[in-house]
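Report on one structure; see the data block that follows.
The values are calculated or read from the model by the stated rules, or taken from the named source; none is laboratory data. Predicted model, so just to flag it, every value in this text is computed and none were measured. Ideal geometry is used to build each Cβ from the backbone, glycine not excepted, and the neighbour counts take in all protein chains shown.
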Amino acid sequence: MAAVNMAFKMKYLSLAIVSFALIFVFPNCRHRLKAEEQPATSSVPPIAEGFTSIFNGKNLKGWTGHTDGYHVEDGVLVCKAGGQLLFTEAQFTDFVLRFDFQLTPGANSGIGIRYAPPFQPLQDIEIQILDNSAQEYQELDGKHRHGAIYSVAAAKSGQLRRVGQWNSQTIAVQGSRITVTLNGEVILDKRLDEFNLHPDMLRTRGHIAILGHGTPMNFRKIAVKELTAE
């Protein structure tokens with residue numbers, strides 16, 4: 001009789017466990033499946049108001065140069081290994097450039113300001129883009145690290161996000177003044193006429209360029225707002 005009672009109790013215990021699963025576990029699975037079935041949304045944020053996109057997120061229309069070193073994937077401009085100089089067909093005088101970038105380990109690139117081909121190091125204005133954390137760059141001085149006007153003026157450090165995360169950067173160019181803002185923090189604010197520079201670095205109009213140095217990295221949401229002269 002004790003054995004029968006024990007079997008009876010075990011049967012109802014099993015039924016209770018199954019009921020619990022139906023009430024609590026299966027609905028959660030159902031909710032999870034519904035969430036997974038939701039259509040994916042674009043991961044690329046919209047362009048800020050007042051800015052005009054100069055990268056359409058689909059192809060390299062409006063850009064020229066080393067186009068074989070770049071491709072577009074899911075709205076992102078990908079600089080491939082070996083990617084070098086890419087620049088806008090349009091030219092600009094005073095402007096604000098906004099873009100997001102994503103570093104890979106050891107990434108090294110730059111943004112050319114008022115660029116005129118062919119690129120000449122130390123004769124064109126370059127805003128450095130660099131993985132400051134990479135071991136191979138630890139001996140570089142501030143004028144060659146991220147955000148610097150290359151070989152001219154150092155930027156404030158400490159605002160770069162970890163490799164693999166997206167950063168947002170703004171470069172404002174008006175007359176001789178260049179202001180670089182990284183992730184909401186001004187890291188450089190200098191006037192070119194305060195320095196003894198090659199005359200070409202004081203050019204007042206030119207292209208916007210991505211100065212790839214052969215290392216992979218990504219860009220997105222590239223847009224410009226043209227300004228009136230000072």
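Residues that are surrounded by fewer than 17 Cβ atoms within 10 Å (Cβ to Cβ) and among the aliphatic types (A, V, I, L, M) were ranked within segment 128-171; the one that is farthest from Gly184 (Cα to Cα) is Leu140. All told, Asp200 meets the bar of being surrounded by fewer than 20 Cβ atoms within 10 Å (Cβ to Cβ) and under 22 Å from Gly65 (Cα atoms).
Residues that are touching a Lys or Arg at 6+ places or on another chain (Cβ under 9 Å) and closer than 13 Å to Ile210 by Cβ within segment 125-147 comprise just one, Gln128.
Looking only at segment 109-120, decide whether some residue is under 26 Å from Val76 (Cα atoms), touching a Gly at 6+ places or on another chain (Cβ under 7 Å), touching a residue at least 12 places away in the same chain (Cβ under 8 Å) and polar (S, T, N, Q). Checked segment 109-120: at least one residue is under 26 Å from Val76 (Cα atoms), touching a Gly at 6+ places or on another chain (Cβ under 7 Å), touching a residue at least 12 places away in the same chain (Cβ under 8 Å) and polar (S, T, N, Q). Tell me whether segment 210-220 contains one or more residues that are surrounded by 14 or more Cβ atoms within 10 Å (Cβ to Cβ), assigned by TED's automatic domain parsing to the domain that holds Trp63 and closer than 13 Å to Ile113 by Cβ. Yes, that holds for at least one residue. Out of the residues in segment 82-114 that are part of a loop (DSSP other than H, G, I, E, B) and among the charged types (D, E, K, R), which is surrounded by the most Cβ atoms within 10 Å (Cβ to Cβ)? My answer is Asp94. Of note, Arg114 satisfies the criterion of being closer than 13 Å to Ile171 by Cα, of a type in the set (Lys, Arg), over 17 Å from the mean Cα position of the chain (by Cα) and assigned by TED's automatic domain parsing to the domain that holds Asn167.
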